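Following: one structure in structure tokens, then a few remarks.
The values are calculated or read from the model by the stated rules, or taken from the named source; none is laboratory data. Keep in mind it's a predicted model, so treat the numbers as computed, not measured. Don't worry about glycine lacking a Cβ; one is built from the backbone with ideal geometry, like all the others, and counts go over all protein chains shown. Ligands, DNA and RNA are excluded from the accessible area calculation, which covers all protein heavy atoms including side chains. Shrake-Rupley method; radii C 1.70, N 1.55, O 1.52, S 1.80 Å.
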Amino acid sequence: MSNFTVSPSELHIFSNFTLDGTTDKKIGPMDAERRKWLTEAMEAFTFDEVKRMKEVVLELAKPEEKTKEDCEKRVSLLEELEDLVEGLSNAIDLHKIGGFSVLIDTALYSNYEEVRNQAYLVFASCCQNNTWLQLEATRLGAPLIMNSILKEESMKNRESAVTALSSKFH
């Protein structure tokens with residue numbers, strides 16, 4: 001992502017640029033400099049959810065450092081991921097970029113109790129009302145979450161694991 005930013009006070013410049021393009025008598029290909037500026041301006045005003053999900057997944061896939069800071073960072077990433085997968089298409093996109101299997105592995109194998117709990121909740125958000133993803137979850141090993149219900153010491157994590165499973169079989 002570029003460092004290009006546009007402040008609200010500069011929005012009129014962007015607006016004029018787009019409007020001027022419709023009234024310009026010289027219709028033809030856009031020069032490289034103008035195309036670059038427009039591309040950077042558009043990127044500054046949009047948020048690429050799939051790109052952000054990829055970044056989150058890459059961070060979650062890294063080996064755990066077994067520190068409090070690492071645990072907090074991972075919980076925060078999973079909370080962000082939960083917001084991103086609220087939409088049905090984003091949950092499917094998470095699977096398409098390989099993030100769903102990372103999520104399942106996180107739920108099953110993280111050393112951090114809080115991270116496993118949040119991963120169960122994200123899993124539930126992904127699978128809720130999403131038959132296709134429910135089937136993919138089975139293929140990727142999600143039924144092992146049943147074992148998690150038995151091994152989790154925390155009642156909160158057991159409840160979240162049950163929530164995850166119930167979303168899969170909904």
Check: Can you work out the FRET efficiency for the pair LEU38 and GLU72, with r the C-beta to C-beta distance and R0 = 41 Å, to the nearest 0.05?
Finding: 0.55
Notebook entry, point to check: Past the 26 Å Cα-Cα mark, which pairs from LYS62/LYS151; LYS51/LYS73; LYS68/LYS151; LYS36/LYS96; LYS66/LYS151; LYS54/LYS156?
Noted result: LYS36/LYS96; LYS54/LYS156
Notebook entry, point to check: When the gyration tensor of the range 125-170 is built from Cα positions, what are the square roots of 5 times its three eigenvalues, in whole Å, from largest to smallest?
Noted result: 20, 11, 6
Margin query: At 7 Å along Cα-to-Cβ for each site, give me the label-to-label distance between SER154 and ASP48 in nm.
Written below: 3.4 nm
Notebook entry, point to check: So what is the accessible area of the range 60-170 per residue, in Å², with the probe set to 1.4 Å?
Noted result: 52 Å²
Notebook entry, point to check: What length, rounded to one decimal in nm, is gained on full extension from THR131 through to ASP105, with 0.36 nm per residue of separation minus their alpha-carbon distance?
Noted result: 7.3 nm
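Tell me the Kirkwood radius of the range 89-170: reciprocal of the mean inverse pair distance over distinct alpha-carbon atoms, in Å.
Computed over Cα pairs of the range 89-170, the Kirkwood hydrodynamic radius comes out at 12.2 Å.
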Check: Using θ = phi - 60° and the Karplus curve 6.51 cos²θ - 1.76 cosθ + 1.60, what whole-Hz ³J(HN,Hα) does each residue of the range 149-158 get, with Gly and Pro shown as x?
Finding: 4, 6, 8, 5, 7, 7, 5, 4, 5, 4
Next item on the list: From the C-alpha gyration tensor of the range 29-139, pull out the three semi-axes of the equivalent ellipsoid (sqrt of 5λ each), sorted largest to smallest, in whole Å.
Entry: 31, 19, 11
Notebook entry, point to check: For the range 67-160, with only Lys/Arg (+1) and Asp/Glu (-1) charged at the beta-carbon, what is the dipole magnitude about the Cα centre, in debye rounded to 20?
Noted result: 360 debye
